[in-house]
Amino acid sequence: MTGHVAHRADIAAPASIEHAPPAVARRVASIDWERATTDLDARGSAVIEQLLTPAECGGLAELYASTSLFRSRVVMERHGFGRGEYQYFRYPLPPIVGQLRDALYPRLAPIANRWNEAMHLETRYPDAHADYLARCHDAGQALPTPLLLKYVDGDFNCLHQDLYGEHIFPLQVAVLLSRPGHDFTGGEFVITEQRPRMQSRAEVVPLAQGDAVVFAVHHRPVQGTRGAYRVNLRHGVSRLRSGLRLTLGVIFHDAT
């Protein structure tokens, strides 16, 4: 059977979202998920405006200096990843990071399942994030993947995919914690899409402080004349021209 990309059965509010703390649950529930789903199907990304408040952004940015909260620090230039650095949180995650993971996942899992069905992939994702993490941990992927990324003047992030192991949840979220035009200039979020037998397509995603972008981790289905076909995506950050840029990355699978 030919897979189809556009279908709206996946935008109803899942019951499991009620287990997220009220403030985050209400904010996630107020998102226009029909629009977000349409954007994800059309472009592989969707912007969620003001997912975090300025105070929440500032509080998360301040955590970067608290080394005890993180399990590892990566200097990108040492590994050929670009310039800049990032730190992976350790468990237990800061409350708001865990809350975002738990509240967003049930909204995204039905989209991920529909995409996999369209691409004829067998993997299906459970309704609750805790159940998906149990699957990751049973397979030896037990290291937390949410992270804070830090860029200063001249830094950039090469195009890449955040895979980390056998189990890969196909959507992830990045939240801009800094104020473009005030805290930094440049440093645009970039997504590229490699389509079969066609030139790659690049898109710059403008974000304000507190805005989030939901995007495909690896690949997504695109509807063609003969059914759905698979396109490959990568994401990165263009060169920072001045200032300091901090970002929260919310990845739903854990790492080996």
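Residues in the range 35-44 carry Karplus couplings, in order, of 5, 4, 5, 4, 5, 4, 5, 7, 10, x Hz; the curve used is 6.51 cos²θ - 1.76 cosθ + 1.60 with θ = phi - 60°, and Gly or Pro positions show x. Please give the calculated 222 nm ellipticity per residue for the chain, where each DSSP H segment of at least 4 residues contributes -39500 (n - 2.57) and the sum is spread over every residue; nearest 500 deg cm²/dmol? Result for the chain, helices only: -8000 deg cm²/dmol.
Summing +1 for each Lys or Arg and -1 for each Asp or Glu among the other residues whose beta-carbon sits under 13 angstrom from that of Gly140 gives -2. Around Arg71, what is the net charge, scoring Lys/Arg as +1 and Asp/Glu as -1 over all other residues with Cβ under 15 Å from its Cβ? It works out to a net charge of 0.
Assuming charge only on the beta carbon of Lys and Arg (+1) and of Asp and Glu (-1), the dipole of the range 80-235 about its Cα centre is about 460 debye to the nearest 20. From most to least packed by mean Cβ count within 10 Å, the peptides 235-248, 23-36 give 235-248, 23-36. Selection among Leu60, Leu121, Thr37 by position relative to the dipole of the range 12-146 gives Leu60 as farthest towards the positive end (Cβ unit charges, Cα centre).
The range 25-94 and the range 184-256 have Cα centres spaced 13 Å apart.
Any read-out appearing in this document is the output of simple, stated calculations on the displayed coordinates, not a laboratory observation. None of these values were measured; they are calculated from a predicted model. When we count neighbours, we look across all protein chains shown, and the Cβ atoms used for this are built from the backbone with ideal geometry, even at glycine.
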